[in-house]
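Report on one structure; see the data block that follows.
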Amino acid sequence: MKYAAKKLCTLIITLFIVSLLAFLAFQVIPGDPTTQMLGTEATEEARAALRAELGLDRPVHIRYFEWLSGFVRGDFGTSYSYRIPVSDMLADKLPITFILTIMSFAFTVILSIPLGILAGSARSKVMDVIITVIDQITMSIPAFFIGILACFIFGNIFALFVPGDFVSYKESWGACLGYMVLPALSIAIPRVAMTVRMLRSSILSESDKDYVRTAHSRGNHRRAIMVRHVLKNALIPVITFLAVSAAEIMTGSIIIEQVFTIPGISRLLLTSISGRDFPVVQAIVVIIAAWIVIVNFVADLLYQLVDPRIRLK
Amino acid sequence: MKKKGNLFLYIGGTISGLMTALIILGFFWTPYSPTALDSSAKFQPPSAAHIMGTDNFGRDIFSRVLDGAGDTFIIALCVVAIGCVFGVLIGSICGYIGGVPDLILTRVCDSITAFPSFLLALVIVTILGKSTANIVLALGILFIPSFARTVRGEFARCRELNYIKSARLTGAGKFRIMFVHILPNTFSVLFTAVTIGFNNAVLSEASMSFLGIGIQPPFASLGSMLSDSQAYLHRAPWYALCTGAVIILLILGFSLLSEGLQRMNKGD
């Protein structure tokens, strides 16, 4: 428990630093947002009024704490372009992106661990080359191209689905998740290849250790040694890698949403970047950063389940 | 071990060598002008005249791919160059001198790598504005930590070796030891890092251009071409397939090369 509490403290401090950096990054931008909102023709009074409305007339540190306290209560500020709360703009879109992220993460874990064990059990030289080549090719295909291929094969040739014909989870969970299978797989496939490669080399280096040979000599079954001894140690670096993957998958889903025209945060983020609508970009960046920090926290907790030695350090 | 490593090295080297040769050829000569419109030749499937067919404006896709791959290639090279030069500087100082600067720089690099490079690049591009130079700058900065970490490890390892100790005894200065004695010994590891970095740069640039926040028109990029081609997936599937195949070959060549290099280093 002490370990978890310590990690929780780190989590809170990290979140605080991340929010501060995200806030400051958008403060150093040259130019006055009111010029952009009202045009260059606007009077000085109108601009001052808008600045007061947006709270831009107050010192930076006060604005930061106001923004932060608003953020934890779910108030992400007001969009420069549309003058409506950012939280309203995100409300429908964010859950969709999260469903896609979690689904592709689930695919990554479910597919990569059995495949990694399988690849890790194959030790002959021929298999080594075959597995490495398959891995390298799969890793070289960008996720968005897998998405385009999936649209082409399943949408155009077999006509199993219509790209762009997305059903929101509010109408039907089944249809929504069904539509997301291909996008989620597109993100997962290159990740699976990377995880398999990682798990395989981890298993191979672990299998050469003395304790494994001892377990063999005592007549344990190969499968039992793999699951009970080798895998337990080999999984530790893989957990780190999967935590990194969870972060990459979230940004990957922003790209894949564009391929399959899924109404997640992607389109909003891109138009906000082009329109320099900073409060929206800032909110999305902080949300993604918070997700990454939390995933790393969960990974830290998982470590000590797999490897109790970590608690003692 | 060594022979097998060379297999990856040969295949990877051949693919990336051919791609590089084609791209360099593309700087001087393309079969058609990449921007020439030809309304009578829209959506031509691949043929002898147009090996990759033509697009919605009747432009020759092969010429456009060569042109786009050239831009992607140059951007990736610049990104890797920025990452490598600053990474080597930071990594060598951290690894050789150690102490407080090491602690601070390592922490900073660690926190940068904790976030997806793509997200950070988005933030930098939002703040600085969309332009090719900003993309190079944003990705270049994000590539520094991985190089710095690799170089730091090598420097920290070499610092305690006998030949460095004897160089110190002969009165060689810090910078002479760092850059004349240690640096050449990191080249094998550095070269692997460069090939991996190059792949990541190609992939990041293609992703950003695919989303329309990378290279801006009139410059072509493989990512933006792929994004355009998606609208014509039904009428002209060869547009997307050929463009995608070029991205894959570009990445595959360098990743096989780095796999081969890693195996060769391990075999020694």
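None of the figures in this text is laboratory data; all of them are computed from the coordinates on show. Just so it is clear, the structure is predicted and the values come from calculations on it, not from any experiment. Please note: Cβ atoms are built from the backbone with ideal geometry, for glycine as well, and neighbour counts cover all protein chains shown.
Per-structure values
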read-out	value
Rounded to the nearest 20 debye, dipole of chain A from Cβ charges on Lys, Arg, Asp, Glu	1900
Tensor-based shape of chain A (alpha-carbon gyration tensor, a/c under 1.5 rounded, otherwise prolate or oblate)	oblate
Of the trypsin sites (Lys or Arg not before Pro) in region A:196-253, those whose Cβ has at most 13 other Cβ within 10 Å and which sit in DSSP loop	A:Lys209, A:Arg218
Total lysine pairs whose alpha carbons fall under 18 Å of each other in chain A (8 or more apart, or interchain)	5
Relative contact order (percent, whole number), chain B, Cα cutoff 8 Å, 6+ residue spacing	31
GNM result for chain B, Cα springs below 10 Å: residue of B:Ala231, B:Ala114, B:Ala21 fluctuating most strongly	B:Ala114
Region A:93-262: projected area of the alpha-carbon convex hull, averaged over directions, in nm²	11.2
In degrees, nearest ten, helix B:187-210 long axis to first principal axis of chain B (Cα)	40
Inter-chain shielding of B:111-121 (mean C-beta neighbours from other protein chains, 10 Å cut-off)	6
Residue range of chain A that is longest and free of GluC sites (Glu not before Pro) which are both DSSP loop and sparsely packed (at most 10 other C-beta within 10 Å)	A:172-313
Exposure proxy order (Cβ contacts within 10 Å, fewest to most) of A:Phe23, B:Phe179, B:Phe143	B:Phe179, A:Phe23, B:Phe143
Residue of A:Thr214, A:Thr271, A:Thr240 that the Gaussian network model of chain A assigns the largest fluctuation, springs spanning Cα pairs under 10 Å	A:Thr214
Aspartates and glutamates whose Cα lies under 17 Å from that of B:Lys165, excluding same-chain neighbours fewer than 8 positions away	B:Glu154
Span-like helix ranges in chain A, DSSP H, alpha carbon extent 20 angstrom or more, Kyte mean at least 0.0	A:2-25, A:93-121, A:125-140, A:173-207, A:231-259, A:278-306
Peptide A:132-140 - average C-beta neighbours from other chains (10 Å radius)	5
Computed over region A:168-313, the ratio Rg/Rh where both radii use C-alpha atoms and Rh is Kirkwood	1.12
Contact order normalised by residue count of chain A, Cα under 8 Å, 6+ apart, percent	26
Angle between chain B longest axis and helix B:132-159 axis [Cα atoms, degrees, rounded to 10]	30
Region A:1-142: relative contact order as a whole-number percent, Cα under 8 Å and 6+ apart	11
Percent of C-alpha pairs per 10 Å bin, the protein assembly as shown, short to long	3, 14, 24, 27, 20, 9, 3, 0, 0
Among A:Pro59, A:Cys9, A:Gly155 - extreme Cα towards positive end, dipole of chain A, charges at beta-carbon	A:Cys9
Of B:Thr243, B:Ser166, B:Ser204, farthest towards positive along the dipole that unit charges on Lys, Arg, Asp, Glu beta carbons give chain B	B:Ser166
Dipole in debye (nearest 20) - the protein assembly as shown, about Cα centre, beta carbon charges: Lys, Arg +1; Asp, Glu -1	2780
Charge dipole (debye, nearest 20) of region A:93-262; +1 at Cβ of Lys and Arg, -1 at Cβ of Asp and Glu	780
Dipole of the protein assembly as shown [Lys/Arg +1, Asp/Glu -1 at C-beta], most positive-end residue of B:Gly68, A:Val227, B:Ser221	A:Val227
Among A:Ala283, A:Ala52, A:Ala143: highest mean-square fluctuation, GNM of chain A, C-alpha pairs under 10 Å	A:Ala52
Sorted by Cβ density within 10 Å, fewest first, the residues A:Val212, B:Val85, B:Val123	B:Val85, A:Val212, B:Val123
